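The values are calculated or read from the model by the stated rules, or taken from the named source; none is laboratory data. Because the structure is predicted, anything quoted here is derived from the model rather than measured. Here Cβ is always computed from backbone atoms with ideal geometry, including for glycine, and neighbour counts include all displayed protein chains.
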Amino acid sequence: MKYTVSIEIAMPLEEVAQLLADPAHLPKWLRGLVLHEPLSGVHGHVGTRSRVVMQMGQQKFEAIETITRREPTDLSRIPKGSVVHFEREIVSEGMWSAVRDRLTEAGPDSTLWVSENEYRFSGLLMRLVGLLMPGTFRKQSQQHMQEFKAFAEQGKDVREAKD
């Protein structure tokens, strides 16, 4: 299963890239994040493997995330007209996923975030989930992007929101 979602954020590219890359901000916009801990490497750098635990309702989901691409590596000086790439693979029991995020300038003070997502499922149960609920994955990705936008533009923290 593959899909692409996007959102425009009313902030300059460099600021958006720095916010997305900073692990201290993850719990503020990534709803359901319980744990994101590097097992090897430095958070956000290519090759880093991290244990990720998410809580969605009564379901807990655990996976290993590997950073496969981050360009440019220095986010404090992004040349005009550049594209910022954050890519990772996420593996859990019965699922493999690749997320390819691209940030581009949409204007002097706005950034376009495009996220290409690919999922592969194994095992009968996970394959059924993928077949019967493809819209759920897209909806969740879009929700994470909207919550990042609210955090970046207005300082909203998902941990303080009423569900």
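Filtering LEU75, LEU19 for residues that are surrounded by 15 or more Cβ atoms within 10 Å (Cβ to Cβ), closer than 25 Å to ARG159 by Cα and touching a helix residue (DSSP H, G or I) at 6+ places or on another chain (Cβ under 7 Å) leaves a single hit, LEU19.
Of the residues making up region 22-43, those that are in contact with a helix residue (DSSP H, G or I) (Cβ under 7 Å, 6 or more places away or on another chain), of a type outside the set (A, V, I, L, M) and without any contact (Cβ under 8 Å) to a residue 40 or more places away in the chain are HIS36, HIS43.
All of (1) more than 19 Å from PRO27 (Cβ to Cβ); (2) touching a strand residue (DSSP E or B) at 6+ places or on another chain (Cβ under 6 Å); (3) at pLDDT 90 or above; (4) surrounded by 18 or more Cβ atoms within 10 Å (Cβ to Cβ) hold for SER110 with one exception: (4).
When the test is whether a residue is under 22 Å from ILE9 (Cβ atoms) and at pLDDT below 95, SER141 passes it. Could you list, in sequence order, the residues of region 35-72 that are among the small types (Gly, Ala, Ser) and touching a strand residue (DSSP E or B) at 6+ places or on another chain (Cβ under 8 Å)? Within region 35-72, SER40, GLY41, GLY44, GLY47, SER50, ALA63 qualify.
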